[in-house]
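Peer 1: The structure under discussion is supplied below as structure tokens; questions concerning it will follow.
The values are calculated or read from the model by the stated rules, or taken from the named source; none is laboratory data. It should be emphasised that the depicted structure is a prediction, and the values quoted were computed from it without experimental measurement. Here the Cβ is made from the backbone with ideal geometry for all residues, glycine too, and neighbour counts use every protein chain on show. Surface areas here come from the heavy atoms of the whole protein model, side chains and all, with no ligands, DNA or RNA. Shrake-Rupley method; radii C 1.70, N 1.55, O 1.52, S 1.80 Å.
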Amino acid sequence: MVKSTLNVEHKSYKNIDEQITYLYESKKIIVAEEDKHWLIDVNYITLINPYKEIFATGKDKDGKHIYSEYVDFKELLKIMKIELEFTNTLYKSIRDFERKFKNVVFSVLCKHYVEERNDLFCINYSTEINDFSNDHLQHIYPMFCDNMCKTLKKTGYIENNFEVTTRVNLLKKIYSIGTGKEINGYISDTSNRLITHYTKKHVVAPLWVIPNALTLGEVSILFSMLNEILQNEIYTIMKGESLYTKSGNYEYKKLNKFSGRLEFIRTMRNTINHYEPLLPLFVGCINNQTKAIKSSQVYTALCELNDTWHFEPNKSQTFSTTLNINTKLTTYNIPKIRLLEMMKSYSYNKKY
């Protein structure tokens with residue numbers, strides 16, 4: 001350890017052999033010569049930090065993990081394999097969900113442009129965004145974005161101008177993508193051939209091809225800006241049920257939960273795309289409590305992606321597990337074990 005001028009402790013760099021020695025002396029992890037290459041193939045932080053706590057029995061008074069028994073490095077590789085199988089499965093689930101969600105959002109928008117604005121070619125969005133961008137103080141919102149300056153809460157929408165800049169920039173991006181032109185200093189460079197085909201031939205690309213150049217996060221933001229009628233149409237197609245109750249009340253709480261799941265799905269997608277392990281994210285969501293798994297964002301997001309999957313965490317005090325991992329189960333590591341069981345269950349369900 002070395003201290004900087006700010007009196008902050010920093011860890012010095014260790015080469016592979018030094019990492020192996022450190023793992024043995026500090027974490028009681030034994031790395032065989034045949035497994036040495038993993039510390040070259042996979043970053044230490046990615047391979048060790050997310051999984052080491054599963055082999056700890058708790059923390060000491062200084063907050064450092066206690067490792068009471070030596071463990072073979074191959075046990076960590078077993079955990080990494082569970083996560084890799086899960087992320088491969090999850091990536092496909094998110095891809096399918098994202099593709100459908102994007103298509104549904106823009107299909108509903110196009111439907112309303114045709115029916116309510118007689119825009120048969122769905123290109124008037126470019127004029128609307130341009131007019132709005134040049135005089136947004138008039139609050140004449142494009143694309144039915146009545147909730148442009150509002151934030152969704154459990155009881156409904158409230159005025160909130162803090163997110164407006166992000167939303168305006170998204171509209172500018174949609175305009176720039178669809179026209180290939182700059183708008184108030186904003187230009188989006190897209191090489192998507194499906195879109196450039198239209199911009200070169202017809203000047204303005206129809207609205208239905210725009211989602212090809214948008215991320216899941218951006219389409220989620222657009223969804224949050226739409227009025228309740230459009231949101232309900234989209235939700236009904238995605239979920240098979242309406243946001244309106246039989247008495248005609250709008251269930252903002254249900255919409256709020258759906259929006260939360262969209263955001264967590266986006267977070268999982270970004271984590272996978274950056275080759276980061278998901279287990280630390282999941283552990284943070286349940287506060288290291290097994291009983292919190294079923295009500296967590298993790299579980300509800302996975303159910304959103306796969307409505308045929310169900311998982312019931314083992315809450316027994318027998319400290320048993322179906323995983324083939326050689327570690328002593330304790331109150332400290334059992335919630336993480338249950339999360340790994342959940343990940344394996346999801347992978348198995350999608351496979352079979």
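Peer 1: For the chain, which whole-number percentage of the solvent-accessible area (1.4 Å probe, protein heavy atoms only) is attributable to carbon and sulfur atoms?
Peer 2: The computed percentage sits at 50.
Peer 1: Hey, what number do you get for the chain at 222 nm if only DSSP H runs of n ≥ 4 count, each worth -39500 (n - 2.57), divided across all residues, to the nearest 500?
Peer 2: Working: 13 runs with 175 residues, N = 352.
Taken over the chain, the calculation gives -16000 deg cm²/dmol.
Peer 1: Related question: Please compute the net charge surrounding L47, taking Lys and Arg as +1 and Asp and Glu as -1 over other residues with Cβ under 11 Å from its Cβ. Walk me through the intermediate numbers first.
Peer 2: Details: positive: K52; negative: D35, D41, E83.
Residues near L47 contribute -2 overall.
Peer 1: Note the full-extension length gain between H10 and V164 as 0.36 nm times their separation in residues minus their Cα-Cα distance, in nm to one decimal.
Peer 2: In short, 51.5 nm is gained.
Peer 1: Report, in degrees rounded to the nearest 10, the 0 to 90 angle that the Cα long axis of helix 334-351 makes with the longest principal axis of the chain.
Peer 2: 60 degrees
Peer 1: Okay, which of the range 287-318 sit inside 17 Å, backbone N to the point 7 Å along the Cα-Cβ direction of K239?
Peer 2: Those under the cut-off are 295-308.
Peer 1: What order, most packed first, do the peptides 50-61, 332-343 have when packing is the mean number of other Cβ atoms within 10 Å of each residue?
Peer 2: Peptide ranking by packing, descending: 332-343, 50-61.
Peer 1: If the elastic network links every pair of Cα atoms under 10 Å, which of V209, V114, V219 fluctuates the most in the Gaussian network model of the chain?
Peer 2: Of the options given, V114 has the highest mean-square fluctuation.
Peer 1: Running a GNM on the chain with Cα contacts under 10 Å, which residue among S242, S295, S12 ends up with the highest mean-square fluctuation?
Peer 2: Of S242, S295, S12, the Gaussian network model singles out S12 as fluctuating most.
Peer 1: Once you put a point 7 Å from the Cα of Q289 and another 7 Å from the Cα of S133, both along the Cβ direction, what distance in nm separates them?
Peer 2: Modelled inter-label distance: 4.8 nm.
Peer 1: Quick one: 3J(HN,Hα) in Hz for the range 220-227, Karplus 6.51/-1.76/1.60 with θ = phi - 60°, rounded, Gly and Pro as x.
Peer 2: 5, 5, 4, 4, 5, 7, 6, 6
Peer 1: When P(r) over Cα pairs in 20 Å bins from 0, in percent is calculated directly from the model, which label among (i) 30, 62, 8; (ii) 36, 60, 5; (iii) 25, 45, 28, 3 fits?
Peer 2: Here the calculated entry is (iii).
Peer 1: Starting from 0.36 nm per residue, how many nanometres of slack lie between F121 and D146 once their C-alpha separation is accounted for? Present the calculation step by step, with values, prior to reporting the outcome.
Peer 2: Values: separation 25, 0.36 × 25 = 9.00 nm, distance 2.25 nm.
6.7 nm is the gain from fully extending F121 to D146.
Peer 1: Return one whole number: the accessible area per residue of the range 247-352 in Å², for a 1.4 Å probe.
Peer 2: 51 Å²
Peer 1: Still on this structure: How high is the FRET efficiency between N324 and T21 when r is their beta carbon distance and R₀ equals 30 Å, given to the nearest 0.05?
Peer 2: 0.60
Peer 1: So which GluC sites (Glu not before Pro) in the range 124-231 are both in a DSSP loop and have at most 12 other Cβ atoms within 10 Å of their Cβ?
Peer 2: When the GluC sites (Glu not before Pro) of the range 124-231 are filtered for loop state and at most 12 Cβ neighbours within 10 Å, E182 remain.
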